[in-house]
Amino acid sequence: MTDREAVLEKILDITRELARPLDLTSLLTKIVEAALDILDADRGTVFLYDAEDDVLVSQVATGAGALRIPATRGFAGECVRTRSTVLVPDAYSDPRFNPDVDKATGYKTRSILTVPLVGHDDALVGVLQVLNKRSGPFGPPDVGVATALAASCAVAIQRVRLLEDLVEKERMEKELAVAREIQTRVLPSTMPVLPGYEIAGWSRPADQTGGDIFDVIERDGRVILLLGDATGHGVGPALSVTQVRAMLRMAVRLGATLDDAFRNINDQLSDDLTPNRFVTAFLGTLDTSDHSLVYHSGGQGPILLRRAATGGTAFEKATTLPMGMMPIVRLRDPRTETVAPGDVLALVTDGIFEYENRSGVAFGEARVAELLGADPSASAAEILRSIVEAVESFAEGAPQNDDMTLVIVRRRP
């Protein structure tokens with residue numbers, strides 16, 4: 001077997017080896033080892049190209065630790081810019097060579113061969129660099145060998161990255177599914193049975209987890225109502241609103257007043273959340289004996305109250321700032337409403353009001369108000385269902401871009 005045939009056999013061997021299932025570090029290690037063997041070199045490095053930051057990152061290198069360098073520096077940077085092989089037979093006679101690393105480490109660089117790693121879709125994957133051919137300087141025959149090796153390596157690296165991305169995506173999807181299950185389980189599964197009242201609640205996140213929540217808690221002839229909407233949607237906001245619900249439940253167990261519950265939840269969120277995060281929240285108490293509704297609305301509005309006597313709907317604004325924006329120095333007095341027979345209270349997050357159809361028109365507050373009084377004999381559950389169905393029909397298949405949550409409270413006529 002000739003030397004050329006022996007080299008080709010080694011390239012085929014490493015190509016077959018790289019086709020096996022490997023993690024990225026193991027793959028890069030095998031690439032470096034194969035390059036040193038086939039090219040008879042002393043040291044080698046695989047730099048992976050990070051296009052977003054325009055840097056070269058080495059995870060595996062002989063004679064050095066992990067490196068992260070700008071893709072504009074050195075022979076590796078030149079290889080990135082030109083996407084062509086950089087051959088330096090005699091480093092110290094080349095004016096581009098920087099000997100500072102040699103001086104710092106005591107290593108003597110004689111010759112350098114740097115080859116671009118270009119994938120099957122013409123994407124730059126990285127750079128393969130080897131130093132000091134043992135039998136003399138690198139030459140044109142080494143360039144051909146290195147180029148053939150680099151082609152196989154680039155595709156192998158791309159494949160491993162795709163597989164790792166897929167595994168990570170599946171892991172994230174499983175974790176999000178668990179998070180959604182947890183969040184769904186904290187929503188009320190049944191509503192309390194109250195004399196003279198009906199309550200219905202519904203929530204649908206825009207992502208696997210959402211930034212909306214609601215809760216209905218019965219205590220001694222009173223019912224505590226919560227509607228929360230954290231900025232954004234996804235895992236972070238889901239954690240925020242779940243925290244609000246947990247703190248409210250604890251406050252109720254400890255017998256806290258409405259004001260104390262609102263203030264303490266707000267102040268804790270102010271400590272916990274970053275400055276650009278907050279939760280708009282309705283927190284109220286409905287007394288079924290005197291039919292009074294007392295509430296704070298932290299940035300949550302409008303609160304819709306359909307009056308059976310007049311057939312009109314009041315759009316009440318927020319009473320204070322959203323929860324978590326800043327500690328409360330002095331809490332404004334809560335707002336008080338009397339719920340008359342046939343009245344309907346609607347707590348609605350902006351995901352419903354702002355749901356746009358394919359023409360870019362929002363569902364709006366007026367449509368919700370109209371549905372509240374469309375059928376005076378409709379139950380709370382029927383009113384809720386009519387709103388959800390109307391939003392879905394109005395959307396005409398347009399994607400849901402925000403979480404949607406709705407709580408309907410109706411006093412029977």
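The values are calculated or read from the model by the stated rules, or taken from the named source; none is laboratory data. It should be emphasised that the depicted structure is a prediction, and the values quoted were computed from it without experimental measurement. We place every Cβ from the backbone using ideal geometry, glycine too, and count neighbours over all the protein chains shown.
Summary table below
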quantity: Looking only at segment 100-127, and only at residues there that are of a type outside the set (A, V, I, L, M, F, W, C) and closer than 22 Å to residue 162 by Cα, the one that is modelled with the highest pLDDT; calculated: 116
quantity: Subset of segment 106-119 (residues that are within 43 Å of the chain's Cα centre (by Cα) and not in a strand (DSSP E or B)); calculated: 119
quantity: Residue tally, condition under 31 Å from the mean Cα position of the chain (by Cα) and either surrounded by 14 or more Cβ atoms within 10 Å (Cβ to Cβ) or free of Cβ contacts under 8 Å to residues at least 60 places away in the same chain (or both), over segment 369-407; calculated: 22
quantity: Qualifying residue in segment 121-128 (condition: in contact with a Gly (Cβ under 9 Å, 6 or more places away or on another chain), aliphatic (A, V, I, L, M) and surrounded by fewer than 17 Cβ atoms within 10 Å (Cβ to Cβ)); calculated: no
quantity: Test for residue 213: is it within 19 Å of the chain's Cα centre (by Cα) and of a type in the set (A, V, I, L, M); calculated: yes
quantity: Residues satisfying the stated conditions in segment 35-54, i.e. small (Gly, Ala, Ser) and not in a strand (DSSP E or B); calculated: 35, 51
quantity: Any hit, segment 183-190, residues being among the β-branched types (Val, Ile, Thr), out of contact with any Cys (no Cβ under 6 Å at 6 or more places or on another chain), in contact (Cβ under 8 Å) with a residue 24 or more places away in the chain and not assigned by TED's automatic domain parsing to the domain that holds residue 47; calculated: yes
quantity: Near pairs, Cβ below 6 angstrom, 6+ apart or cross-chain, from segment 124-152 (over 15 Å from residue 33 (Cβ atoms)) to any residue that is among the small types (Gly, Ala, Ser) and part of a helix (DSSP H, G or I); calculated: 125/154; 127/76
quantity: One residue from 137, 195 being loosely packed, with under 14 Cβ neighbours inside 10 Å, out of contact with any Phe, Trp or Tyr (no Cβ under 8 Å at 6 or more places or on another chain) and at pLDDT 85 or above; calculated: 195
quantity: Every residue from segment 327-366 that is crowded, with 17+ Cβ neighbours inside 10 Å and part of a helix (DSSP H, G or I); calculated: 350, 351, 352, 353, 365
quantity: Leading residue by the ranking (nearest to residue 181 (Cα to Cα)) among those in segment 201-216 that are of a type in the set (S, T, N, Q) and surrounded by fewer than 22 Cβ atoms within 10 Å (Cβ to Cβ); calculated: 208
quantity: Filter pass, residue 230 being of a type outside the set (Asp, Glu) and either more than 26 Å from residue 402 (Cβ to Cβ) or more than 22 Å from the chain's Cα centre (by Cα) (or both); calculated: no
quantity: Counted residues, segment 95-104 - those being surrounded by 13 or more Cβ atoms within 10 Å (Cβ to Cβ) and in contact with a strand residue (DSSP E or B) (Cβ under 9 Å, 6 or more places away or on another chain); calculated: 1
quantity: Within segment 387-412, tally of residues that are hydroxyl-bearing (Ser, Thr, Tyr) and assigned to a strand (DSSP E or B); calculated: 1
quantity: Residue within segment 40-48 that is hydrophobic (A, V, I, L, M, F, W, C), at pLDDT 80 or above, closer than 19 Å to residue 141 by Cα and in contact with a strand residue (DSSP E or B) (Cβ under 6 Å, 6 or more places away or on another chain) present; calculated: yes
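The rows are residues; the columns are (1) at pLDDT below 95; (2) of a type in the set (S, T, N, Q); (3) surrounded by 16 or more Cβ atoms within 10 Å (Cβ to Cβ).
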site	(1), (2), (3)
274	yes, yes, no
277	yes, no, yes
289	yes, yes, no
292	no, yes, no
302	no, no, yes
